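Read-outs throughout are calculated quantities, based only on the coordinates presented, and are distinct from any laboratory measurement. No experiment lies behind these values; they were computed from the predicted model shown. Reconstructed Cβ throughout: ideal geometry from the backbone, glycine too, with neighbour counts over all protein chains shown.
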Amino acid sequence: MKDVIVIPTYNERENVGTIIPLIFKIAPEVSVLVVDDSSPDGTASIIIELQKQYKNLFLLSQPVKNGLGSAYINGFSHILKEQNIRKVVMMDADLSHDPKYLPQMFEEGKNYSIVIGSRYINGGKTIGWEYWRKILSFLGNLYCRVITGMPVHDCTGGFNVISADLLRKIDFSKIDMSGYAFIMEIKYLLYKAGGTFFEVPIIFKNRLGGESKISSHIISEGILAPWKMRWKNTKKK
């Protein structure tokens, strides 16, 4: 059985050369699948070069930029074709998710189907964000938790270890959200599929290189997302 880390990228040339070696230093037995949205900065070429050194590093190139949700769905669909997958990890390329937490998250994953690297439980925090963004994120997560009923403090956090067996229960064709709203939706669907959660406190550091992908569209989508998820679930009943 093997564990696979899925990393979506768009213009992360400055970061992938650092994050990939760090991952394999801490978790040498994992596989890493980078899903690149045809980054114009040459992110894919860096991955191809790194593949010469790391046999468990793989690249899935998408022809156009379709966003975070599309990258993850294509990545999940690609790796879940293999039956020997044990855990699937969601992780950013921008060094905000420190690989040092992976061993603890994998250990907790022996007892829980979803382990979240959480900024919003005791011991977790965010470093390097403007005050307005910290408030927006904290209130957004509280808002999502109240509306959806998920037993999760960090609904939008993108650092997650998920049971492959549980992930196979999700119909990816039904997911219609992108950006950070996709992360909320996938957690909600896993919750409704019977997933059990555990949150590991992490120190989330603002990206060291590249540009933030946050936009007004992502924020507005995030505001509507919890209501859409509840409405779709109610409609099914």
**Asked** What FRET efficiency comes out for the pair Lys65/Glu29, r = Cβ-Cβ distance, R0 = 30 Å, nearest 0.05?
**Response** 0.40
**Asked** Based on the Cβ-Cβ distance of Asp176 and His78, what FRET efficiency does E = 1/(1 + (r/R0)^6) give at R0 = 22 Å, to the nearest 0.05?
**Response** 0.65
**When each of Lys2/Lys55; Lys2/Lys65; Lys87/Lys187; Lys25/Lys81; Lys65/Lys205; Lys65/Lys192 is checked by Cα-Cα distance, pairs over 21 Å** = Lys2/Lys65; Lys25/Lys81; Lys65/Lys205; Lys65/Lys192
**Complete:** Which of Val152, Val115, Val64 fluctuates most in a GNM of the chain (C-alpha springs under 10 Å)? That residue is Val64
**Prompt:** Calculated from DSSP H runs of 4 or more alone, at -39500 (n - 2.57) each and per residue, what is the 222 nm mean residue ellipticity of the chain, nearest 500?
**Reply:** -13000 deg cm²/dmol
**Request:** Report the charge-dipole magnitude of the range 28-86 in Debye, nearest 20, computed about the Cα centre from +1 at each Lys and Arg Cβ and -1 at each Asp and Glu Cβ.
**Result:** 160
**Prompt:** How much net charge surrounds Ile5 when only the other residues with a Cβ under 15 Å from the Cβ of Ile5 are counted, with Lys and Arg +1 and Asp and Glu -1?
**Reply:** -2
**Asked** Between Ile5 and residues 5 or more places away or on another chain, which pairs have amide H atoms under 5 Å apart, with H built 1.01 Å from N, and which residues are they?
**Response** Ser31, Val32, Leu33, Val89
**Asked** Along the charge dipole of the range 2-236, which of Pro99, Thr148, Ser31 sits closest to the positive end, that is, farthest toward it, with unit charges on the beta carbon of Lys, Arg, Asp and Glu (+1, +1, -1, -1)?
**Response** Thr148
**Complete:** Hydrodynamic radius by Kirkwood for the chain, inverse mean 1/r across distinct Cα pairs, in Å, is 17.9
**Request:** Might you report the magnitude of the Cβ-based charge dipole of the chain about its Cα centre, with Lys and Arg at +1 and Asp and Glu at -1, to the nearest 20 debye?
**Result:** 820
**Asked** Roughly what would the spin-label model give for Gln104 and Arg133, points 7 Å off Cα along C-beta, in nm?
**Response** 2.3
**Request:** In a Gaussian network model over the chain where Cα atoms closer than 10 Å are linked, find which of Phe138, Phe198, Phe76 has the largest mean-square fluctuation.
**Result:** Phe138
**Message:** Using a 10 Å cut-off around each Cβ, can you sort Glu107, Glu199, Glu14 from fewest to most neighbouring Cβ atoms?
**Reply:** Glu107, Glu14, Glu199
**Item:** the range 2-236 - share of DSSP beta bridges that are antiparallel (%, nearest 5)
**Value:** 25
